[in-house]
1. Keeping to the stretch 240-258, report how many residues are open to solvent by 40 Å² or more (accessible area, probe 1.4 Å) and touching a helix residue (DSSP H, G or I) at 6+ places or on another chain (Cβ under 8 Å).
2. For the stretch 206-231, name all the residues that are out of contact with any Phe, Trp or Tyr (no Cβ under 6 Å at 6 or more places or on another chain) and within 16 Å of the ligand (Cβ to nearest atom).
3. Which one is nearest to the ligand (Cβ to nearest atom), of the residues in the stretch 173-195 that are acidic (Asp, Glu) and more than 19 Å from Trp103 (Cα to Cα)?
4. Could you give me the residue pairs with C-beta distances under 7 Å whose first residue belongs to the stretch 95-107 and is open to solvent by 10 Å² or more (accessible area, probe 1.4 Å) and modelled with pLDDT of 95 or more, whose second residue is near the ligand (Cβ under 8 Å from one of its atoms) and not aliphatic (A, V, I, L, M) wherever it lies, and which are 6+ apart or on separate chains?
5. Every residue in the stretch 70-93 that is among the hydrophobic types (A, V, I, L, M, F, W, C), open to solvent by less than 20 Å² (accessible area, probe 1.4 Å) and near the ligand (Cβ under 10 Å from one of its atoms), please.
6. Being touching a His at 6+ places or on another chain (Cβ under 7 Å) and not basic (Lys, Arg) is the filter here; which residues of the stretch 286-331 pass it?
7. Which condition from (1) in contact with a Cys (Cβ under 9 Å, 6 or more places away or on another chain); (2) outside any helix (DSSP H, G or I) is the one that Ala54 breaks?
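The values are calculated or read from the model by the stated rules, or taken from the named source; none is laboratory data. Since this is a predicted model, take the numbers as computed values, not measurements. Glycine gets a Cβ as well: all are built from the backbone with ideal geometry, and neighbour counts include every protein chain shown. Each accessible area value is taken on the protein alone, full model and side chains, heavy atoms only, with ligands, DNA and RNA left out. Shrake-Rupley method; radii C 1.70, N 1.55, O 1.52, S 1.80 Å.
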Amino acid sequence: MSEKIYNFSAGPAVLPSSVLEKAQSELLSLNGIGMSVMEISHRSKPFEAILESAIGGIRELLQIPGNYQILFLQGGASLQFSMIPLNFLGADETADYVVTGTWGKKAVKEAKRCGNANTIFSTAETNFKSVPTQDELSFSDNAKYVHYTSNETIEGVEFKYDLDGKGLPVVCDASSNILSKPVDIEKHALIYAGAQKNIGPSGVTLVIIRDDLIAQVPENQHSMLDYRLLAENDSMLNTPNTWGIYIINLVCEHIKGHGGLGAMEKKNEEKAQILYDAIDGSDGFYRGHANKEARSLMNVTYRLPSEELEKQFATEATAQGLDGLKGHRSVGGIRASIYNAFPKEGVEALVEFMKNFAQKNE
Ligand SMILES: Cc1ncc(COP(=O)(O)O)c(C=O)c1O
């Protein structure tokens, strides 16, 4: 490749180049076994070792206690929107949902098919620009769990604290900020995340689930939807996404070798600050979507004076090697996704481009 492309895609997203290089070097023959990781049985010793190492990597990075199981499932984070209520929300029962963006709304829609999915707090009316403070939340009596989305990928809105369920099991969709910073796992009963932002390639969903929640899985659950069975079978009730798990293991190794989640957080804060400073310093040419206190470190969303200029911005940026900046089709605008593996130099290149673009088009 002759020219560097900075990949701002929201997901599947940029992966550490050293991970891709390692995978490339092992593509035809894994560790000298003469076969690709994609060609070997998921029940083989080499793959078992990879799975164990990936689980260990996630456990170590997120400091997950022993009473939580780590699963690598399929069906995307979207299947978790259904799987969670199918296991934990009976027809006559209530679960609380905190809705701060498009993905949270989708989670509610699926949960309503099972029982009373009660939106206890929503920022829909103000166009998903903010998150509630802990004090603004009050939970339903007898709710089975409370669900929130720690980072809304489309709107670029992020919780700056781990939600406290005040005794209720907390379920978190952390698809787009998992592994970007340390998390207080013990505040949660279940955390799930599609892998394709900070963990690895698409096709794997990470689920971290506490044992007491597993114990509530109804008898006679469909096998592939049964967290208990999946946990008992080490995520291998059927053939897992072996390639995806292999890459996840490499990503975990990479993060560990680069200072762990504390270091990721620091780097992510620095990168986001550079970009938000450019937005705030543009005399209103660029307008951030999220309220300042809820700004995402992962997905920086902003508008330009007109949709026409937004289109032109994305087109010209792409031509200059800044790819994937067009906002989600449902909300428009510009979205720069700057996950763990996205380099600071790419953010600086974008800021330079933004300054020039504003100057030319003001
Ligand atoms: C926060 C969040 N939740 C859920 C999803 C859906 O994930 P999947 O495509 O893995 O089903 C996404 C996808 O981008 C997301 O960003």
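1. 4
2. The answer is Leu206, Met224, Leu225.
3. Of the residues in the stretch 173-195, the ones acidic (Asp, Glu) are 173, 184, 186.
With more than 19 Å from Trp103 (Cα to Cα) added as a condition, the list becomes 184, 186.
Details: Asp184: 19, Glu186: 22 Å.
If we take residues in the stretch 173-195 being acidic (Asp, Glu) and more than 19 Å from Trp103 (Cα to Cα), then Asp184 is nearest to the ligand (Cβ to nearest atom).
4. As it stands, the answer is Thr102/Glu152; Trp103/Thr149; Trp103/Glu152; Trp103/Thr153; Trp103/Asp173; Lys106/Phe81, since those pairs meet every condition given.
5. The initial filter retains those residues of the stretch 70-93 that are among the hydrophobic types (A, V, I, L, M, F, W, C), namely 70-73, 77, 79, 81, 83-84, 86, 88-89, 91.
Subset that is open to solvent by less than 20 Å² (accessible area, probe 1.4 Å): 70-73, 77, 81, 83-84, 88-89.
If the condition is that a residue be among the hydrophobic types (A, V, I, L, M, F, W, C), open to solvent by less than 20 Å² (accessible area, probe 1.4 Å) and near the ligand (Cβ under 10 Å from one of its atoms), then Ala77, Phe81 are the ones that fit.
6. Let us first name the residues in the stretch 286-331 that are touching a His at 6+ places or on another chain (Cβ under 7 Å), namely 301-303.
The answer is Thr301, Tyr302.
7. It fails just one condition, (2).
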